[in-house]
Amino acid sequence: MVGSRLLPLTFALAALAAGAAGRNGLAFVLVLATIPCAAAAAFVAVSDALEGRPARLRAVSTSLALSLVVIGCTVRAGAPRGGHVPAFAVSTLVAAVLLYTVPALFWVLEPLRPRPRTSRVRARTLPGA
């Protein structure tokens, strides 16, 4: 469950919602909770890619999302108490959410990808058979 890609996405969306509602303390705690979940998802995706599974896009997107969440949490932690949250902290969280949805977008669009045509060889029949 900890390696799930949905868990950090859920925490990040909850942090964005809490920040939009003005609950900056709760949003900070949710962003802090996002970090270990995002790290686990990134580790699982990278290990899947290293094992040869088709998870290269997921490994890159979850790793970038993890770095954005950590940077955003650092910026948010440096903000003064009772003040506004820096826009950069919110922007990094939004970018991380978008990065978590990139593999799902490619999965949805996969049937639309053109596939190479395979030529079928017709079996020849013998004359008189």
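For a Förster distance of 25 Å, can you work out the FRET efficiency between the beta-carbons of ALA104 and HIS84, rounded to the nearest 0.05? Kindly include the intermediate steps, with their values, before the conclusion.
Details: r = 32 Å, r/R0 = 1.27.
Given R0 = 25 Å and the Cβ-Cβ separation, E is 0.20.
Treat the count of other C-beta atoms within 10 Å as a stand-in for reagent exposure and order CYS73, CYS37 from fewest to most.
On the way: CYS73 19, CYS37 23.
If I rank by nearby Cβ atoms, fewest first, I get CYS73, CYS37.
If one computes the Cα centroid of the stretch 74-113 and of the stretch 1-38, what distance in Å separates the two points?
First find each Cα centre; the distance between them is then 11 Å.
Tell me, which longest segment in the chain has none of the trypsin sites (Lys or Arg not before Pro) that fall in DSSP loops with at most 13 further Cβ atoms within 10 Å?
Values: sites that count: ARG81, ARG117, ARG120, ARG122, ARG124.
No qualifying site falls inside 1-80, the longest such stretch.
If one puts a single equal scatterer on every Cα of the stretch 6-109 and applies the Debye formula without solvent, what log₁₀ I(q)/I(0) results at q = 0.13, 0.20, 0.23, 0.24 Å⁻¹?
The calculated log intensity ratios at q = 0.13, 0.20, 0.23, 0.24 Å⁻¹ are -0.45, -0.91, -1.13, -1.20.
Might you report the magnitude of the Cβ-based charge dipole of the chain about its Cα centre, with Lys and Arg at +1 and Asp and Glu at -1, to the nearest 20 debye?
Dipole of the chain, to the nearest 20 debye: 680 debye.
Just so you know, all these numbers are worked out from the coordinates, no wet-lab data involved. Model, not experiment: these values are computed from the prediction. Cβ atoms come from the backbone with ideal geometry, glycine included; neighbour counts cover every protein chain shown.
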